[in-house]
1. Restricting to helices (runs of 4 or more DSSP H) lying wholly in the range 42-102: which have 3 or more residues that are closer than 17 Å to Q27 by Cβ, touching an Asp or Glu at 6+ places or on another chain (Cβ under 8 Å) and touching a residue at least 40 places away in the same chain (Cβ under 8 Å)?
2. Count, please, the residues in the range 23-42 that happen to be in contact with a helix residue (DSSP H, G or I) (Cβ under 9 Å, 6 or more places away or on another chain) and over 17 Å from T75 (Cβ atoms).
3. May I ask you to verify whether D23 is farther than 24 Å from T61 by Cα, at pLDDT 55 or above and out of contact with any strand residue (DSSP E or B) (no Cβ under 8 Å at 6 or more places or on another chain)?
4. Scan the range 23-39 and give yes if some residue there is in contact with a Ser or Thr (Cβ under 9 Å, 6 or more places away or on another chain) and of a type in the set (A, V, I, L, M), otherwise no.
Amino acid sequence: PEDDDEKKKEHAKGKMSQDTFSDRSDQADNIGAQFWSMLTVLLELMWQPERQNEKLIVMTTKFFECGIRTTHLDTMGESMLQTMTKILASDMKAEDAAAWRW
């Protein structure tokens, strides 16, 4: 009990994070929303590579602040591929998946 009180005090001071499921869920939702926004913007700017690059730099900085690192990118990419495969079903070809993994 005393340890829990100390943890709560440290958390309130910003020194310690209480890692709860709801905290992680909210953070994951936030990262997912930012990622969706990034993909949307990058597609909208497909034919404007200079502006696309500027936006990408700003957005990747936000992901870094959220704790996303390059070690997470393979997992994120694979998750997106699985999602696209489920949504596109028969329209998704093996060469599409191979291109995505490249």
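The values are calculated or read from the model by the stated rules, or taken from the named source; none is laboratory data. Note that the coordinates shown come from a computational prediction; the quantities given were computed from them, not determined experimentally. Virtual Cβ from ideal backbone geometry, glycine too; neighbours counted across all protein chains shown.
1. Ranges flagged: none.
2. 4
3. No, not satisfied.
4. Taking every residue of the range 23-39 in turn, at least one turns out to be in contact with a Ser or Thr (Cβ under 9 Å, 6 or more places away or on another chain) and of a type in the set (A, V, I, L, M).
Yes/no per residue for (1) exposed (fewer than 12 other Cβ atoms within 10 Å of the Cβ); (2) modelled with pLDDT of 85 or more:
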{"residue": "E44", "(1), (2)": "no, yes"}
{"residue": "R51", "(1), (2)": "no, yes"}
{"residue": "M59", "(1), (2)": "no, yes"}
{"residue": "T71", "(1), (2)": "yes, yes"}
{"residue": "M80", "(1), (2)": "no, no"}
{"residue": "M84", "(1), (2)": "no, no"}
{"residue": "A89", "(1), (2)": "yes, no"}
{"residue": "A94", "(1), (2)": "yes, yes"}
{"residue": "A99", "(1), (2)": "yes, no"}
